[in-house]
Amino acid sequence: MIVTVTLNPAVDEEYLLPEFRPGGWSRATHVDRSPGGKGINVSMILSQLGCESAAMGFLAGFTGEYVRDVLRRHRITTNFVHVPGETRTNVYIVDEIGHIETGIAELGPYIPEDALGRLVTNFDRMLHRAHLVSIGGSLPPGVPQDFYRELVRNAKAKGIPTFIDAAGAPLMAALEAGPTVAKIDHRFMARVAGIPLTSIDNLIEIVSKVHDQGVEYAVTSYRSYGDVFFTPGGIYLAALDRRDFVSMFGAGDALMAGLVVAYDERMSAEECVRFSMACAYEDSLHVEKGVRSREAVEALMDKIEVEKLS
Amino acid sequence: MRIGDVMDRDLTAIAPDSPVSEAIEVLSRHRLTGVPVVDEEGHVLGFISEKDIIKAALPGYFEYLQDSSFIPDFDQFQARLRRISREPVQRFMVKKVATFKEEDSDFSVAMTLIQQNIKRAPVLREGILVGVANRADLLERLMADGDGK
């Protein structure tokens, strides 16, 4: 079973507007409301790709019940710890004319210490039936910044491959435990490594340090050129035509879900790159988060430009 | 239809050494009437419901009366509830639990839940919790099947 962990889920509300101007009223032409948070998005997309998963994390209040209810209707296994307060809401505004996307994120509910303990107990229990774990997103208040290290370590101790998609201190803590796959923010890594991000060679140098910590696969964006994949089979630069893009909301999580499926199905390094990029591409072609189907993703694989750098 | 195809795939459960206070919190926060008790691998060891907790908190002599409407003083009940709140749930859980396999038919599961007056029951795969059969959901399914005929 694939297990996803989202410590700070959200209700994502995406608004499409012809033109967004702050300081007045705007009427949306389209609204899409869905459960969110990186791990939950991965579970939803895995479901769209025909794969089962179990979603874990913290939920709270009325918005938390909405998240749980939608996951339930999608037949996704759930194992959340419920806490006081409300699961946060994120707002994403897509300006159709200006092609500008604006996001507003809430902090999330406070997580009491006993709830943290319960999550770890549940997580360790799920590890007995998990064959892959995908952890992602921000940490809500009350969760220590190094919490991901414990989760990655516990999974690794059982020989379970772990995927991490986070930023800042939580990502650094997770990397210390040596996850199998990491999606990393190259700007943050450049600051930490003290290497200016002026060329792709510098980017390779930065991510090589991540490899040295035992990370088999790493993916990061490189300016507007595309995404760079560091794999056991080599380093690849992958790009796609952005002219058809409607909304990039959720594209990163779609890429992550694609990586999960590709790894799980033992695709070759290049197939892995194409499949995960095709997932991100498919997600970007419509307002709604996620992919329409596996077939829709596979139809886009040939449109991904892939260059092997080394 | 298989119960595995219609069950609630929620794995909310508690450990046998969890205190009763944690069970009450889980039931309240998750809005459940009962929850499976599982070991560290997810094997179902028992089931604890709000009814089991209430029974555990009732004064001993009410066990003979089997009717909580005779409680004269709720302070007594509250005091006993607080006293047992630190006790592990395995002391009060039902150990003989009605469980089902994913392959069981939704109709036979519904009949068992109705006949045994059970609201929720674990669904297992090789002894491990994979979901829960809810009586209310199955009643809704039975209604929908009836409308379709």
In a Gaussian network model over chain A where Cα atoms closer than 10 Å are linked, find which of A:Gly85, A:Gly252, A:Gly98 has the largest mean-square fluctuation. A:Gly98
Quick one: which residues, 5 or more positions from B:Glu102 or on another chain, have an amide H under 5 Å from its amide H? H modelled 1.01 Å from N in the peptide plane, none for Pro or chain starts. B:Leu124
Across B:6-18, the residue-averaged tally of Cβ atoms belonging to other chains within 10 Å stands at 4
Which links in A:Lys38/A:Lys209; B:Lys51/B:Lys96; B:Lys51/B:Lys101 stretch past 23 Å when you go from one Cα to the other? A:Lys38/A:Lys209; B:Lys51/B:Lys101
Find which of A:Gly137, A:Phe58, A:Asn90 sits farthest along the positive direction of the dipole of segment A:20-178, computed with +1 on the beta-carbon of Lys and Arg, -1 on that of Asp and Glu, about the Cα centre. A:Phe58
If you take the charge dipole of segment A:1-122 about its Cα centre, with +1 on Lys and Arg Cβ and -1 on Asp and Glu Cβ, which of A:Asn122, A:Thr6, A:Ile111 is farthest toward its positive end? A:Asn122
Looking only at B:Asp104, B:Asp75, B:Asp39, which one moves most when chain B is put into a Gaussian network model with springs between Cα atoms under 10 Å? B:Asp75
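Please state the shape class of segment B:6-54: rounded when a/c is under 1.5, otherwise prolate if a/b exceeds b/c and oblate if not, all from the C-alpha gyration tensor. Display every interim value, and only then the final one.
Details: a/c = 1.71, a/b = 1.12, b/c = 1.52.
It comes out oblate by the Cα gyration axes.
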³J(HN,Hα) computed for each position of segment A:37-53 - Karplus, 6.51 cos²θ - 1.76 cosθ + 1.60, integer Hz, glycine/proline x: x, 4, x, 5, 4, 4, 4, 5, 6, 4, 4, 5, 8, x, 10, 8, 7
If amide H atoms are built 1.01 Å from N in the plane of the peptide, which residues on other chains or at least 5 residues away come under 5 Å of the amide H of A:Val5? A:Met56, A:Ser134, A:Ile135, A:Gly136
Excluding same-chain residues fewer than 8 positions from A:Lys183, which aspartates and glutamates have a Cα within less than 14 Å of its Cα? A:Asp165, A:Glu216, A:Asp227, A:Asp253
So which lysines pass the test for A:Lys303, namely a Cα distance under 21 Å, with those fewer than 8 places away in the same chain ruled out? A:Lys289
A student asked for the Cα radius of gyration and Dmax of chain A in angstrom ought to give 18.6, 54
Straight-line reach from A:Lys158: which aspartates and glutamates have a Cα under 16 Å away, not including same-chain ones fewer than 8 places off? A:Asp124, A:Glu150, B:Glu40, B:Glu41
Which percent of Cα pairs goes in each bin when the distances of segment B:3-148 are cut into 5 angstrom slices starting at zero? 2, 10, 18, 19, 18, 14, 10, 7, 3, 1, 0
Among all stretches of chain A without exposed trypsin sites (Lys or Arg not before Pro) (DSSP loop, at most 15 other Cβ atoms within 10 Å), which one is longest? A:76-157
Table column - 3J(HN,Hα) (Hz), segment A:142-151, Karplus curve with 6.51, -1.76, 1.60, x for Gly and Pro: x, 8, x, 5, 9, 4, 4, 4, 5, 5
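Taking neighbour counts of Cβ atoms within 10 Å as a proxy for exposure, in what order, fewest first, do A:Val67, B:Val94, A:Val273 appear? Before the final figure, lay out each step's value.
Working: A:Val67 26, B:Val94 15, A:Val273 29.
By the 10 Å Cβ count, ascending: B:Val94, A:Val67, A:Val273.
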Computed for the protein assembly as shown: size of charge dipole around the Cα centre, +1 on C-beta of each Lys and Arg, -1 on C-beta of each Asp and Glu, debye to nearest 20, value 900
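Quick check for me: using +1 on Lys/Arg Cβ and -1 on Asp/Glu Cβ, what's the dipole size of segment A:222-310 about its Cα centre, in debye to the nearest 20? Write out the running numbers ahead of the final one.
Values: 10 positive and 16 negative charges, 42 e Å.
Dipole of segment A:222-310, to the nearest 20 debye: 200 debye.
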Amide H proximity to A:Val246 below 5 Å, modelled H, separation 5+ or other chain, gives A:Leu285, A:His286
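Taken together, the values in this text are just the output of simple stated rules run on the coordinates, not laboratory data. The shown structure was predicted, so the numbers you read here are calculated from the model rather than taken from an experiment. Reconstructed Cβ throughout: ideal geometry from the backbone, glycine too, with neighbour counts over all protein chains shown.
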